[in-house]
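Peer 1: I have a structure here, written as C-alpha cells, and I will follow up with some questions on it.
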Ligand code: ZN
C-alpha cells in the first residue's frame, strides 16, 4: 500500500464516518432499496427530481464501510446533474470498477478513491450498490416503471 492508497483509505473512512446527504426526503420523486446479499449491505436511496435534474439525493443504509462511503461519495457526485449526466457518471464508475476506465475526478469526485476496491472482486458489489440503486431510481423515474428494489 503506497501513499496514494493511504490517502484514498482516509477519504473512504471520512465519508463512512461523516456521510454526506444521509437521511430521507420528505417527498421524494422516487425511492429504491437495494441489497448486496454477498456482504449484507442494504441501501435506501431517494431522489427529488426537478426540471430533469437530480435536485436532492438522500441515502440511508447499513453495511460495510465501502458500501456506505460509496453512497456518500455517489450522492455528492450526482447532486445537481441532469438525469442523463448522472447516468453517464454511473456508467463511468461501473467501468472504473471493472478496470475499463481511468478514474475521472471531474465526473466522480471523491469516488475516485474507490478505484483500489477494484482489486478486491468480492468488494466490487459493495462499491457498486449505491450506483446501481441510482441507475434503477433514475430509469424507473424516467420510464414510470416500478423500481427493481432488488439485489444489485
Ligand atoms: Zn459490503
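Peer 1: Against the 2.2 N^0.38 Å scaling, with N counting residues, where does the stretch 39-94 land? I'd like the Cα-based Rg ratio to two decimal places.
Peer 2: For the stretch 39-94, the normalised Cα radius of gyration comes out at 1.15.
Peer 1: Taking the Cα atoms only, what angle lies between the long axis of helix 65-78 and the longest principal axis of the chain, rounded to 10 degrees?
Peer 2: It works out to around 60 degrees.
Peer 1: Expressed in nm², what is the orientationally averaged projection area of the convex hull enclosing the Cα positions of the chain? Let's see the in-between values first.
Peer 2: On the way: hull surface 32.8 nm².
Reported value for the Cα convex hull: 8.2 nm².
Peer 1: Pairs of Cα atoms under 8 Å, at least six residues apart: use those to get the relative contact order of the chain, whole percent. Working shown, then result.
Peer 2: Details: 274 pairs, mean separation 42.1, N = 152.
So the answer I get is 28 percent.
Peer 1: Another question, if that's okay. Can you compute the helix-only [θ] at 222 nm over the chain? Use -39500 (n - 2.57) per DSSP H run of at least 4 residues, normalise by all residues, nearest 500 deg cm²/dmol.
Peer 2: Details: 5 runs with 71 residues, N = 152.
One gets -15000 deg cm²/dmol as the mean residue ellipticity at 222 nm.
Peer 1: Right, here's the next one. Let's test this: bin the Cα-Cα distances of the stretch 80-152 at 10 Å from zero up to the farthest pair and state each bin's percent.
Peer 2: Answer for the stretch 80-152: a P(r) of 20, 50, 27, 4 percent.
Peer 1: Then there is this: Residue 145 to residue 9: FRET efficiency via 1/(1 + (r/R0)^6), r the Cβ-Cβ distance, R0 30 Å, to the nearest 0.05? Can you show the working numbers first?
Peer 2: Numbers: r = 38 Å, r/R0 = 1.28.
Efficiency for this residue pair is about 0.20.
Peer 1: How many angstrom separate the Cα center of the stretch 77-123 from the Cα center of the stretch 1-72?
Peer 2: Centre-to-centre (Cα) distance: 13 Å.
Peer 1: Let me ask you something else. Based on the mean of other beta carbon atoms within 10 Å per residue, what is the order of 40-49, 11-20, most packed first? Working shown, then result.
Peer 2: Numbers: 40-49: 21.0, 11-20: 16.8.
Peptide ranking by packing, descending: 40-49, 11-20.
Peer 1: Run the numbers for residue 101 and residue 62: contour at 0.36 nm per residue of separation, minus the present Cα-Cα distance, in nm. Let's see the in-between values first.
Peer 2: Values: separation 39, 0.36 × 39 = 14.04 nm, distance 2.84 nm.
So the chain would gain 11.2 nm between residue 101 and residue 62.
Peer 1: Per-residue counts of other Cβ atoms within 10 Å, averaged by peptide: what ranking do you get for 95-103, 124-132, 62-70, highest first?
Peer 2: Working: 95-103: 14.7, 124-132: 25.4, 62-70: 21.7.
Ranked from most to least packed, the peptides come out as 124-132, 62-70, 95-103.
Bear in mind these aren't lab numbers, they're just calculated from the coordinates by the rules spelled out. Keep in mind that what you see is a predicted model, and the values were worked out from it rather than measured. Ideal geometry is used to build each Cβ from the backbone, glycine not excepted, and the neighbour counts take in all protein chains shown.
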